[in-house]
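Take a look at the structure set out below.
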Amino acid sequence: MKIISHPSYAGGSAIQVLEIFGEIIGQEVFELEWYLYTCLDEGRYNLLIDLRQVKKIDGLGIQIFKNVISRGMQIRLFNVGPDIQRMLRISGNADFVKIYYETDCDQVISSFKKDIEEKKRIINGNIIKRCYPRIHTFFQASFQSHAGNSSTISCRANIINLSEGGVFAEILTAIDAKSGEIVRCADIEGQGLRNFEFSLNDSSETVKAQGQCVREIMNGHKAYAGIQFQDMEQEGKDKVQAYIRKAILVKD
């Protein structure tokens, strides 16, 4: 995926125009998520997104847009192709974001400015920034949850990004502890997750915590979970904090 940011357009409220090249599906989605949350953290709340070069979007891609909009960001789409419009309708998400059907960028910017000015007071009071910076990772993790029949499910996952407060993870396998069968890890939002464990950078030292699933996304047969740390010992917190700070310094 390639994202090109055009200079902000001055006015009552700054607007940033983004051109996206590629497909908003699978692992590509996380590059877009990173960019959108960076905009949020840096105070760039008004994004006009040109999808002329995007042919496909999946449920995970739609959910990423919904997540940042729920935090108060103003996002508008234009040059939205018929396949993406169809996907929005099929998924029941056609109304969560406004689509402009004009193709002239200046005209779309003008329409967006009017929207912003009308809602400015509301928007400025409802921005929810993230509490902690996040970094991309690919750590293995394990934890336990409960199925509807109260049996224990042992899960393995990839941690896609990490913060001091929690992780976003792709569930790889989920096994019923009683039967040993591979089961679908779903309906865990709001659940407490026991024995959440992972190692930083293939270290032999394991970080341990209890957790809670605060967000669950199903994308086809794949399950993703936003997990908030709970009851992590101070030593573990210090390790995670130090690792993240080092990663951010290296990146900068």
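The values are calculated or read from the model by the stated rules, or taken from the named source; none is laboratory data. A quick note: this is a predicted structure, and the numbers were derived from the prediction, not measured. No Cβ is skipped: glycine too gets one built from the backbone with ideal geometry, and neighbour counts run over all protein chains shown. Accessible surface is based on the protein model in full, side chains and every heavy atom, while ligands, DNA and RNA are left aside. Shrake-Rupley method; radii C 1.70, N 1.55, O 1.52, S 1.80 Å.
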**Request:** Note down all Cβ pairs under 7 Å where the first residue falls in region 81-102 and is free of Cβ contacts under 8 Å to residues at least 24 places away in the same chain, the second is not hydroxyl-bearing (S, T, Y), and they're at least six residues apart or on different chains.
**Result:** A94/L88; K98/R76; I99/L77; I99/F78; I99/V80
**Request:** Would you be able to say whether some residue in region 97-111 is in contact with a helix residue (DSSP H, G or I) (Cβ under 8 Å, 6 or more places away or on another chain), assigned to a helix (DSSP H, G or I), hydrophobic (A, V, I, L, M, F, W, C) and open to solvent by less than 50 Å² (accessible area, probe 1.4 Å)?
**Result:** no
**Asked** Could we say that Q63 is touching a residue at least 24 places away in the same chain (Cβ under 8 Å), open to solvent by 30 Å² or more (accessible area, probe 1.4 Å) and in contact with a Gly (Cβ under 9 Å, 6 or more places away or on another chain) here?
**Response** no
**Prompt:** Counting just the residues of region 1-53 that are assigned to a helix (DSSP H, G or I) and either more than 15 Å from N67 (Cα to Cα) or open to solvent by 50 Å² or more (accessible area, probe 1.4 Å) (or both), which one comes out modelled with the highest pLDDT?
**Reply:** Y35
**Request:** Quick one: which strands (runs of 3 or more DSSP E) lie wholly within region 147-251 and hold at least 2 residues that are open to solvent by less than 10 Å² (accessible area, probe 1.4 Å) and small (G, A, S)?
**Result:** 166-176, 206-219, 222-230
**Asked** List the pairs whose first member sits in region 11-40 and is at positive phi, whose second member is of a type in the set (S, T, N, Q) and surrounded by 16 or more Cβ atoms within 10 Å (Cβ to Cβ), and whose Cβ atoms are under 9 Å apart, counting only residues at least 6 apart or on separate chains?
**Response** G26/N219
**Prompt:** For region 41-60, which residues satisfy the criterion of being free of Cβ contacts under 8 Å to residues at least 60 places away in the same chain and not small (G, A, S)?
**Reply:** E42, R44, L47, I49, D50, L51, R52, Q53, V54, K55, K56, I57
**Message:** What pairs come out if I take residues in region 218-237 that are of a type in the set (S, T, N, Q) and pair them with residues that are at pLDDT 90 or above whose C-beta lies under 6 Å away, six or more apart or interchain?
**Reply:** N219/D58; Q228/G166; Q228/Q212; Q228/V214; Q230/Q210; Q230/G211; Q230/Q212
**Prompt:** Of I69, I75, I84, which residue is β-branched (V, I, T), within 22 Å of E31 (Cβ to Cβ), modelled with pLDDT of 90 or more and open to solvent by 30 Å² or more (accessible area, probe 1.4 Å)?
**Reply:** I69
